[in-house]
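The values are calculated or read from the model by the stated rules, or taken from the named source; none is laboratory data. Keep in mind it's a predicted model, so treat the numbers as computed, not measured. With ideal geometry, Cβ positions are generated from the backbone for all residues, glycine too; neighbour counts draw on all protein chains shown.
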């Protein structure tokens, strides 16, 4: 399995809410702004962010963003 397919499989394992949080965070939005946009508390955003990091097997937030770029996630988001 290629690295890109592996990343896509990890993204597919995210819940819809985790994917929402991921999309906001990779666009550089803070936990607070993400929470306001999604109607959840910043603490809940932190919890989802931690789960996203674990499911994506990201070593750091910058690693998570690089994986999202590699998978073309930002291009998908910008088209919506």
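Return the total of residues in segment 49-67 being over 14 Å from residue 19 (Cα atoms) and either without any contact (Cβ under 8 Å) to a residue 12 or more places away in the chain or in contact with a helix residue (DSSP H, G or I) (Cβ under 7 Å, 6 or more places away or on another chain) (or both). I'd like the intermediate steps shown before the answer.
So in segment 49-67, the residues over 14 Å from residue 19 (Cα atoms) come out as 57-63, 66.
Right, trim to either without any contact (Cβ under 8 Å) to a residue 12 or more places away in the chain or in contact with a helix residue (DSSP H, G or I) (Cβ under 7 Å, 6 or more places away or on another chain) (or both) and you get 57-60, 62-63, 66.
Residues flagged as over 14 Å from residue 19 (Cα atoms) and either without any contact (Cβ under 8 Å) to a residue 12 or more places away in the chain or in contact with a helix residue (DSSP H, G or I) (Cβ under 7 Å, 6 or more places away or on another chain) (or both) within segment 49-67 amount to 7.
All but one of (1) surrounded by 14 or more Cβ atoms within 10 Å (Cβ to Cβ); (2) modelled with pLDDT under 95 hold for residue 9; state the number of the condition that does not hold.
Result: residue 9 fails condition (1) only.
Which condition breaks for residue 79 when tested against (1) on the phi < 0 side of the Ramachandran plot; (2) under 12 Å from the mean Cα position of the chain (by Cα); (3) modelled with pLDDT under 95?
Just one mismatch for residue 79, condition (2).
Quick check on this structure: which one of 65, 52 is modelled with pLDDT of 95 or more, assigned to a helix (DSSP H, G or I) and within 11 Å of the chain's Cα centre (by Cα)? Steps first, answer last, please.
Details: 65 fails: modelled with pLDDT of 95 or more.
Testing whether each residue is modelled with pLDDT of 95 or more, assigned to a helix (DSSP H, G or I) and within 11 Å of the chain's Cα centre (by Cα) leaves just 52.
Please report, ordered by residue number, the helices (runs of 4 or more DSSP H) entirely within segment 1-48 with at least 2 residues that are free of Cβ contacts under 8 Å to residues at least 60 places away in the same chain, over 14 Å from residue 69 (Cα atoms) and touching a helix residue (DSSP H, G or I) at 6+ places or on another chain (Cβ under 7 Å). Full working, then the answer.
Values: elements: 3-12, 16-26, 31-38.
By residue number, 16-26, 31-38.
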